[in-house]
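No lab work stands behind these numbers, since they all come straight from the coordinates. Bear in mind the structure is a predicted one, so any value in this text is a computation, not a measurement. Counting neighbours? That spans all protein chains shown, and the Cβs are built from the backbone with ideal geometry, glycine included.
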Amino acid sequence: MEAAVFILSLVDCCALIFLSVYFIITLSDLECDYINARACCSKLNKWVIPEMVGQCLSTMLMLVSMHWFIFLLNLPVAVWDIYRYVKVPMGNMGVFDPTEIHNRGQLKSHMKEAMIKLGYHLLCFFIYLYSMILALIND
Amino acid sequence: MSAPGFTNLSSSVNYNQNSTPNGGDAPPYQNGPAQTYQSMYPPTGCYGAPPQHQSYPTIPAHSTPAPSKASMTNSVHSANYYQSNHQQQQQQQQQQRPVPQHHVAPSPYSAPPSQPVPSSGPVPPHAQYNQQLQHPPYATPGSYYGPQSYHPPPAQHTSQQQQQQQQQPTLVPAPASGPGAPLHPIVSYPSAPGNSQYGTLSSSQNNTTPGVLPTQMGAPLHQYSTSRPASTTAAQPGYGVAPPSQLVPTVNGQGSTVHQHYDRSCQSSLSYNTYSGAEADQLPSGTPSTSVHSSPGHHQGGDTSSSSTGSASPVPNSYDSLEGGNFPDSMPPSNDMTNQAAPYGSYGYPNMQQGYHQGPASHADSSPSHDPYGQSSYQQYSQPFPNLSQLSAALGGLSGVPELEVEALTPINLLQERSLLPPRPLEAPEPNLSPELKKVNCSPQTFRCTLTSIPQTQTLLNKARLPLGLLLHPFRDLQQLPVITSNTIVRCRSCRTYINPFVTFLDQRRWKCNLCYRVNDVPDEFMYNPVTRSYGEPHKRPEVQNATVEFIASSDYMVGTKRLQVNDNSTTNQLRPPQPAAYLFVLDVSHNAVESGYLKYFCDSLMENLDKLPGDSRTRVGFLTFDNTIHFYNLQEGLSQPQMLVVSDIDDVFIPSNDSLMVNLKESKELVKDLLTSLPAMFSQSRETQSALGPALQAAFKLMSPTGGRITVFQTQLPTLGAGALQSREDPNQRSSNKGVQHLGPATDFYKKLALDCSGQQIGVDLFLLSSQYTDLASISCISKYSAGSIFYYPSFHFIHNPAQLEKFQRDLDRYLSRKIGFEAVMRIRCTKGLSIHTFHGNFFVRSTDLLSLANVNPDSAFAVQMSIEDSLADSSLACFQAALLYTSSKGKRRIRVHTLCLPVVNQLSDVYAGADVQAITCLLANMAIDRSITSSLSDARDALVNAVVDFASAYKSNVSNLQQSGLVVPAAMCLFPIYILALLKQKALRTGTSTRLDERVFAMCEFKTQPLEQLMRMVHPDLYRLDNMSDQGALHLNDTVVPQPHLLHLSAENISRDGAFLLDCGYVFYLWIGKCCNDMFIRDVLGCTNFASIPPNMSHIPELETPLSQRVRALLDWLQDNRAFSSMMHVIKDDASTKVTFFQHMVEDRSESASSYHEFLQQVQQQMSK
């Protein structure tokens, strides 16, 4: 059972890692002027909700399986994702707004955020992997 | 001064003459140079004397132009030509013509430069012409600059030489030097010192010699005054226009040319770029364009050159005239050249040599010798020069001390000093650059930086607590603009910067980019200079002589490629010719609109301006009206009357007909006129109160997307139907709340998305909002904000009840319909490596980090950017910014307008403060505050503004001022900062506590983001003058009118007395306040009323009376009005209760019901500082 939970979160985590990489690549494309802001933002906004869902999913899994430590590790990120989504001003086109992404260093902060998330997901990945192996051995 | 023909004299002549006078006047140079020369350059001698000779004279030639006034142009050309091409000729001529040679110099050189050139004036060009025709322009460069002389001449060359020789005889006959000769010496003489300086200065130096300053002054002034009043040093718009002044400037210009030369040479040590810039400006202005055109020689030359490089000038004084402008050719070459003695160097050489030989001898006293010169010229021409501050700057320069800087840094205790305002509206501070650079630098009206001295590092910038940013007005109406047609537009290969006056020429073949420091090749075509018609002078090309130039772009810059970038998704429109001008008018015809009565006035106005709409024979127009349905108009040529097509399915809008809705204006003009006459009546009975703005915009978008163009939307109420419907969000009870203001941001992203779609299809949407109720401008304005449109708002517009708004509407429409427009534009702002832009303000869509997409660009909107310093700028002493605007003109030409600004980099905090531009800082802060209030809250924004003052004052106190005095001390340059910030806090956009409608607030915010600096400053801090006791002291004399210059008064009621009449200039409106006890004479003479009581309550015109007082008042008003895009309204306000408020709300230094007075504000700041 426990192994199943971790396998699931492992898969989830992989997806999140890919997503983070995708964010980073797209943002750096924008930085280098390979794509325009409009295209970049519409690409990224599509994945904001899936990312949020993925993060919440693994958080919930940990909560349900009562792995408190990993749950606490996951919680802030999930909260941040939700907060960010809810806080989008009414007139904006999503978390990534093409008209503002070049202003006030938003591009940089988005980039930074994506980087931090990537690091965090990698950490989680190894934790899940370790826990999964442990669970499998225990079984 | 006398002989105009004299100018013609080519360098060679000058030289001779020079020598002559030298004998009398100035022995030192005379002999010295030649000898030194020889000694220094033995090899040259070997190569053959002729070329050197030619070049030799060049310098004097420069100087010569100064005295002689105008007509020099042709002759100069010819001279240049001459020099360059016909080196051989000269020799020959020499032989042929008995020329008195006063030259003592032992060297063989002295002889050759002799007469021929001067005399030839007009003739030589022809000769040259022929030659050019014979050979493809560049095919035989050798012929141009006679490297032959250096190397064994190839067969071809020889033949050419022969030809030349044959031609020569014809040239020679035209004698001429006679009268002018005596003068020459004087003029040319002074040049020497400069050169000598040049020779001596080490390359590292970039600071100007004090002596040089005057020149600078002289030059720019007249220059601007004649040709582009707007761009001028700052302010006095009227000047440029005045014809009488023109004469003077011309003279000036030339005079200055001379000076500059020297200066340049002094500076040349710095780098090439210096000079390249130096001359550019003066030339065009200096020489009246007429003279240019008249000259036959010149024209021919033009033709010849056209094959490779030509110039077209839509603007009156444009490049063509520029060409005409005398470019007395030779320039001191870069240092490198001296060493290398490259074949190309032959040109530049002469100067160098001169400089060199003179160098040692004259060097010591070079600067002093400058002074008198500069001064004299200065005095001579000082008249047109209005600008006090510049004057003082110049004088400061003369004395050799950077007085300006010192002055700017004088600590001022704001709590004690009460009168801070300068007598005249504030000018932009001059960057602390060498005069040459200053001269060519971009006009502050176009390009302005908050800190005219860029701090070296971000740390220093943070320490200064001032924002770093640029304010741009790139598409401003210019009176004079060099337009360049060229097959190759020279750009840096790595950063794509356009070549500009601040690049460095390493040698004739390579230039170093001033933004990324990459070394690039100079393409062949660039070696030819259309201005002087000579080859091998890339540094004298107009691109390198002007900080503002316009290129006619080749097909590389066509829309297709650009389109691809714009809209990755749409594959439909790639590679198409530049779009025709296309205008679509979207008119609200609901009941509300009909009530307000705007339709008739719009139709009338458009009818009047139909022929003035910018465009060509391809211009297309269309109309679309909407209430709860959308009406299209079929205006297809051949119809007997316009056909209305109604689409009532607003949820899924479609275009009923494909090609007949946007029609060619020329072909369907009658139908359009028909429609405009019948339109107001057509809907007069409309009872429909709903408004389907969203669907109408979608329809307009679909209609326009194949071509792009401009959509003009007139809206009178809240959109209530279909996509983009909005609800009223304003709570009238909260209008004067002190707490935050809600709903400053858009309620929906519909308009933003649509705007981005429009932007992608190169459609700009301009919005005219005429409404009496809340219309949610915050949401609707997005349609214009992101499609680079403009927004006009007429609160409580009604054609009967509100005549003032009606008049404003009509005036705005007149300007709006006839103003210039650029389609499918992009603007890229590049800065020196190490600087980066992090925030943009204005109406546009930021497509990538430094690229702004402007579907339409109009001459009235400005932009601002904030910058940060990413890497230390320590390795360069200059920071440059380049804004390049690529657009399609209304005539279907792709054009690129390039502005380049150059500023010094400093590493001292005090220098940063000395260069602070308080107006620019205020405007940038205003923009930042607007952003803040939308993303965060209004109170945050207000706090941030106050903190800006507090931070700045404490930073100054702790870092720079070592006086331990109490009180609020700021440097003089920034002494108006608190006043301006206080005024900002009392603006509609940012005020709290005073009842302000949400729409008006939002509109004020939009204005802040798009108005150019001068306009914005007048809105924020209007200019107050007292009119009833104006004296003629310091008055300007323009044409025949005297424009009095009353002093600026502080915006405080204590300056307003009942017995006076005061003028408040708020930019878009003038208030003339008449005190109760104002003397009857003023009222009678100016207003045409017998006494105070008989002044009508809503007077909005100053009658044209023939009294002297009235004339002066009107002269002042006209002068203030000059160069404003939109004509300002006039309101006469009587000193009685009802209307007084509108006037007194602008008294920003006084306490109002909800805001503190200036003194209280200072105390508040001081309190916060001590915390």
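Take the cross-link list B:K739/B:K957; B:K612/B:K753; B:K673/B:K808; A:K87/B:K753; B:K666/B:K702; B:K612/B:K1134 and give me the ones stretching past 30 Å between alpha-carbons. Over 30 Å apart, Cα to Cα: B:K739/B:K957; B:K612/B:K753; B:K612/B:K1134.
Sorted ascending by nearby beta carbons within 10 Å, beginning with the fewest, B:L901, B:L697 become B:L901, B:L697.
Which order do the peptides B:919-928, B:891-900 take when ranked by the mean count of other beta-carbon atoms within 10 Å per residue, highest first? Show your work: numbers first, answer last.
Working: B:919-928: 25.3, B:891-900: 21.5.
Packing proxy ranking, top to bottom: B:919-928, B:891-900.
The amide H of B:S668, built 1.01 Å from its N in the peptide plane, has no neighbour under 5 Å, considering only residues 5 or more places off or on other chains. Within 10 Å of the Cβ of each residue in B:756-765, the mean number of Cβ atoms contributed by other protein chains is 1. Over all other residues within a Cβ to Cβ distance under 15 Å of B:V589, the charged ones net out to -2, with Lys and Arg as +1 and Asp and Glu as -1. Taking every Cα-Cα distance in region A:1-138 and sorting them into 10 Å bins starting at zero, the pair-distance distribution P(r) comes out as 12, 41, 28, 15, 5, 0 percent.
What FRET efficiency, computed as 1/(1 + (r/R0)^6) with R0 = 30 Å and r the Cβ-Cβ distance, is obtained for A:K87 and A:K43, rounded to the nearest 0.05?
Approximately 0.90, to the nearest 0.05.
The alpha-carbon of A:K117 sits under 17 angstrom from the alpha-carbons of these lysines, leaving out residues fewer than 8 places away in its chain: A:K108.
Excluding B:L1038 itself, what net charge comes from residues whose Cβ is under 15 Å from its Cβ, given Lys and Arg +1 and Asp and Glu -1?
Working: positive: B:R1112, B:R1114; negative: B:D1032, B:D1040, B:D1118, B:D1122.
Neighbourhood net charge equals -2.
Amide H to amide H, with H built 1.01 Å from N, B:V1043 comes under 5 Å of B:L1036, B:H1037, B:L1038, counting only residues 5 or more places away or on other chains. Measuring between their Cα centroids, region B:976-990 and region B:1116-1170 lie 10 Å from each other.
Within a straight-line Cα-Cα reach of under 12 Å, B:K439 can be paired with the following aspartates and glutamates, leaving aside sequence neighbours fewer than 8 residues apart in one chain: B:D263, B:E279, B:D281, B:E430. Taking amide hydrogens as placed 1.01 Å from N in the peptide plane, the amide H of B:V713 sits under 5 Å from those of B:V586, B:D766, B:L767, B:F768, each at least 5 positions away in sequence or on another chain.
Full extension from B:H1047 to B:K1140: what is 0.36 nm times the residue separation minus their Cα-Cα distance, to one decimal in nm?
Working: separation 93, 0.36 × 93 = 33.48 nm, distance 2.25 nm.
In short, 31.2 nm is gained.
Can you tell me, using C-alpha contacts under 8 Å and at least 6 residues apart, the relative contact order of region B:703-786 as a whole percent? This gives 47 percent for region B:703-786. Listed values for region B:760-773 are Karplus-derived 3J(HN,Hα) couplings in whole Hz (6.51 cos²θ - 1.76 cosθ + 1.60, θ = phi - 60°), namely x, 9, 6, 10, x, 10, 9, 10, 10, 10, 10, 8, 9, 9, and x replaces Gly and Pro.
Other residues whose C-beta falls under 11 angstrom from the C-beta of B:L693 contribute a net charge of -3, scoring Lys and Arg +1 and Asp and Glu -1. Take each residue of peptide B:844-856, count the partner chain Cβ atoms within 10 Å of its Cβ, and average: the result is 4. With just the Cα atoms defining each centre, how far is region B:771-835 from region B:489-525? Give it in Å. Each part reduced to its Cα centre gives a spacing of 39 Å.
Taking 0.36 nm per residue of separation and subtracting the Cα-Cα distance, what length does fully extending B:A804 through B:S728 add?
Values: separation 76, 0.36 × 76 = 27.36 nm, distance 2.68 nm.
Contour length minus the Cα-Cα distance gives 24.7 nm.
Averaging the sequence gap over all C-alpha pairs within less than 8 Å and six or more residues apart, then dividing by the number of residues, gives region B:879-959 a relative contact order of 18 percent.
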